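Shown next, in structure tokens, is the structure this report addresses.
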Amino acid sequence: MDAATRPGRQEHPGTGATGTGATGGTGSGRTGSTAWTGWAAAVVAVAFALVSFYWAAGGTLLLDTLGGTLEEMARERDGGLIAVVWLTGAVKAAGGVFALALVQRWGRVFPRLLMVLAGWGGSAVLIAYGGVLVAVQALVALGVVTPDSPPDWKPLLWHLFVWDMSFLVWGVFTAMATRHYVRSNPRRSASTG
């Protein structure tokens, strides 16, 4: 019995490659090799979405890790800030679903160009945003840059290693998942539909 006819195996049309399809088999012959990156991006996104929802709903645990005006506004339950936190939680959750769409078979229902542009664009924004913030905070933490007033170390370190670093990590995993999507879903030529 060859690989294509074994129970639970399927041949991917036009490639001769086989796989179980459990990770959104793709025809590259390397099914699942990098699909974990979409799951990793989703875990980061959803974890931080849950923190946003918790804070928006009135939770106060870890608010002191935000620091400054943001912490004050959150403690005062500023209506504008709370609305923004609900919105950012929803965007983070949607980003988690998108990351899964990049590595799961059901993600193929969306136009390839949309997925590729959103994947590369979203990962670029996340990497740039997280990267700039982490770089500046690292310079302050290392004493290379001295702010006008002494830093509040607890929020600085939480932003450096957790809050802002999460955007950088999420962006890297999303970029890797987008690469997986691009390699697993090659463009179709005009002759193949």
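The values are calculated or read from the model by the stated rules, or taken from the named source; none is laboratory data. Nothing here was measured: the structure is a model prediction, and the numbers come from that model. For neighbour counting, all protein chains shown are included, and Cβ atoms are generated from backbone atoms with ideal geometry for every residue, glycine included.
Laid out as a table, the results:
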{"read-out": "Conditions (1) in contact with a Gly (Cβ under 9 Å, 6 or more places away or on another chain); (2) polar (S, T, N, Q); (3) under 18 Å from A47 (Cβ atoms); number of the one not met by T88", "value": "(1)"}
{"read-out": "Filter result for V97 (modelled with pLDDT of 95 or more, more than 23 Å from F161 (Cα to Cα), in a helix (DSSP H, G or I) and not small (G, A, S))", "value": "yes"}
{"read-out": "Which numbered condition L100 misses (of (1) in contact with a helix residue (DSSP H, G or I) (Cβ under 7 Å, 6 or more places away or on another chain); (2) farther than 20 Å from A40 by Cβ)", "value": "(2)"}
{"read-out": "Residue match in segment 145-155 (condition: surrounded by fewer than 20 Cβ atoms within 10 Å (Cβ to Cβ) and within 22 Å of T34 (Cβ to Cβ))", "value": "no"}
{"read-out": "Hey, T88 out of contact with any strand residue (DSSP E or B) (no Cβ under 7 Å at 6 or more places or on another chain), modelled with pLDDT under 95, in the same structural domain as M165 (by TED's automatic domain parsing) and of a type in the set (S, T, Y) or not", "value": "no"}
{"read-out": "Subset of segment 61-79 that is over 25 Å from the mean Cα position of the chain (by Cα) and loosely packed, with under 13 Cβ neighbours inside 10 Å - its residue that is farthest from D152 (Cα to Cα)", "value": "G79"}
{"read-out": "So L102, is it in contact with a Gly (Cβ under 8 Å, 6 or more places away or on another chain) and assigned to a helix (DSSP H, G or I)", "value": "yes"}
